[in-house]
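Colleague: Quick one: the structure is below, questions incoming.
Just so you know, all these numbers are worked out from the coordinates, no wet-lab data involved. Keep in mind that this is a model prediction, so the values were computed, not measured. Virtual Cβ from ideal backbone geometry, glycine too; neighbours counted across all protein chains shown.
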């Protein structure tokens, strides 16, 4: 029997698949609920007329929440304000923006290459802003911030880490006929965090890989499952259940936690998409009635794609030249669709109703 000691590198981390049965009756029952919620979310995302609003908005919410789990605190407003990587953004905001970029780059890369160790290195590199590779040196340990006690020491040795990552890859890809993909995602996420292949950024990298895996398996078509929101709400359970797998191979509670998170998050996101669709319909109707001369579907789509909109954005979309673009945005502000604010030398036009939807659980949509 393997004896685990938090103070010593866990080079004996068991390989996958787990030795015990993981698809228990409770797990399979929860799988059905999670799969149904994901199917509903997938359909809702496919039916929304302007999918780019989801691609632009929900990954940024995920970036903000995933970074907060690692105590990198920014706000959704800052992420949209500085979505072009403005150098005036604070370090936490820049790091969260890199997370969003890593998620989208990984999403695009899936079309050419399935998830593997190289994907993880690329994702972590993008998140951290410096080249990240599998650890070669010892010294990495997870420590309790309050007590300074060592909670877990991951395996060491590049060859050991790469062997365990190769096993992790095989489990994700080779078990398609035997284990439900949602169960594989939960087990694979634990294993990746336990391998802890990088000196930093492992948690955020692992959460990006979760989203990419769901897309790879055809359960979603867009990276819009905002799972970090659920983890933040249940942060202590997340870490204690991870540790319970390490200590006593307690797989069932961990897998159930992740499956419930998928169901909860999918249902939350589906409701959010419904509210965004309703707001879009209200906005189209209001602009047509109150500012018919400037109305175009492209203009309305733009302020949903970019709830912090600049005059240059209107120009870049080919909607209008500079003077007309300025008039269009000011007219939208005059009829209550946007709010005009000055940041430094530039003006931003903020879609306040959309930002309210994106930053609060309440999905109530009121007409303009």
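Colleague: Can you give me the angle between helix 52-69 and the longest principal axis of the chain, using Cα atoms only, in degrees from 0 to 90, rounded to the nearest 10?
Modeller: That helix lies at roughly 50 degrees to the long axis.
Colleague: Here is a follow-up. Between residue 110 and residue 342, what length comes free when the chain is fully extended (0.36 nm per residue of separation minus the Cα-Cα distance, one decimal in nm)?
Modeller: Answer, rounded to one decimal: 79.6 nm.
Colleague: How much length is gained if the chain between residue 322 and residue 23 is pulled fully straight, taking 0.36 nm per residue apart and subtracting their Cα-Cα distance, in nm to one decimal?
Modeller: 101.7 nm
Colleague: OK, next. How would you classify the range 279-368 from its alpha-carbon gyration tensor, with a ≥ b ≥ c the square roots of the eigenvalues: rounded for a/c under 1.5, else prolate if a/b is greater than b/c, otherwise oblate?
Modeller: Because a/c hits 1.5 or more and a/b fails to exceed b/c, the range 279-368 counts as oblate.
Colleague: Still on this model: Taking springs between alpha-carbon atoms closer than 10 angstrom, which of 257, 192, 282 fluctuates most in the Gaussian network model of the chain?
Modeller: Comparing 257, 192, 282 in a Gaussian network model of the chain, the most mobile one is 282.
Colleague: Distance between Cα centroids, the range 144-218 to the range 83-132: provide it in whole Å.
Modeller: 17 Å
Colleague: Just 260, 135, 327 to compare: in a GNM of the chain, with alpha carbon springs under 10 Å, which one fluctuates most?
Modeller: Checking each option, the largest mean-square fluctuation is seen for 327.
Colleague: Suppose R0 equals 45 Å; then what is the FRET efficiency for residue 52 and residue 3 from their Cβ-Cβ distance, rounded to the nearest 0.05?
Modeller: Efficiency at R0 = 45 Å is approximately 0.30.
Colleague: Can I ask one more? Give the peptides 156-167, 305-316 in descending order of average Cβ contacts within 10 Å, highest first.
Modeller: 305-316, 156-167
Colleague: Could you please tell me the mean projected area of the C-alpha convex hull for the range 179-303, averaged over all directions and given in square nanometres to one decimal?
Modeller: 10.0 nm²
Colleague: Right, here's the next one. Using the count of nearby Cβ atoms within 10 Å as a rough guide to exposure, how do 296, 66, 326 rank from fewest to most?
Modeller: 296, 326, 66
Colleague: Starting from the Cα of residue 145, step 7 Å toward the Cβ, then list every residue of the range 194-211 with an amide N under 16 Å from that point.
Modeller: Correct set: 201-204.
Colleague: Arranged by the count of other C-beta atoms within 10 angstrom, fewest first, what order do 184, 322, 78 take?
Modeller: 322, 78, 184
Colleague: If we count other beta carbons within 10 Å of each Cβ, what is the order of 29, 248, fewest first?
Modeller: 248, 29
Colleague: Could you grab the relative contact order for the chain? Cα pairs under 8 Å, six or more apart, rounded to a whole percent.
Modeller: 22 percent
Colleague: Something else: Relative to the first principal axis of the alpha-carbon coordinates of the chain, what is the inclination of helix 91-109, with its axis defined by its Cα atoms, in degrees from 0 to 90 and to the nearest 10?
Modeller: So the helix axis and the longest Cα principal axis differ by about 80 degrees.
Colleague: With a/c under 1.5 counting as rounded, go ahead and sort the range 25-271 into rounded, prolate or oblate using the C-alpha gyration tensor (a ≥ b ≥ c being the square roots of the eigenvalues; past the cut-off, prolate if a/b is larger than b/c, else oblate).
Modeller: rounded
Colleague: A further question on this structure: Springs between alpha-carbon atoms under 10 Å, Gaussian network over the chain: tell me which of 26, 103, 79 tops the mean-square fluctuations.
Modeller: Among 26, 103, 79, the largest GNM mean-square fluctuation belongs to 26.
Colleague: Report, to the nearest 10°, how far helix 202-216 tilts away from the longest principal axis of the Cα atoms in the chain, using its own Cα long axis and a range of 0 to 90°.
Modeller: 70 degrees
Colleague: Calculate for the chain the 222 nm mean residue ellipticity that helices alone would give, adding -39,500 (n - 2.57) per DSSP H run of length 4 or more and normalising by residue count, nearest 500 deg cm²/dmol.
Modeller: When only DSSP H runs of four or more count, the value is -19500 deg cm²/dmol.
Colleague: With a bin width of 5 angstrom, please list the P(r) values of the range 11-112 as percents of all Cα-Cα pairs, from the 0 bin to the one holding the largest distance.
Modeller: Taking every Cα pair in the range 11-112, the percentages come to 2, 11, 14, 13, 14, 15, 15, 9, 6, 2, 0.
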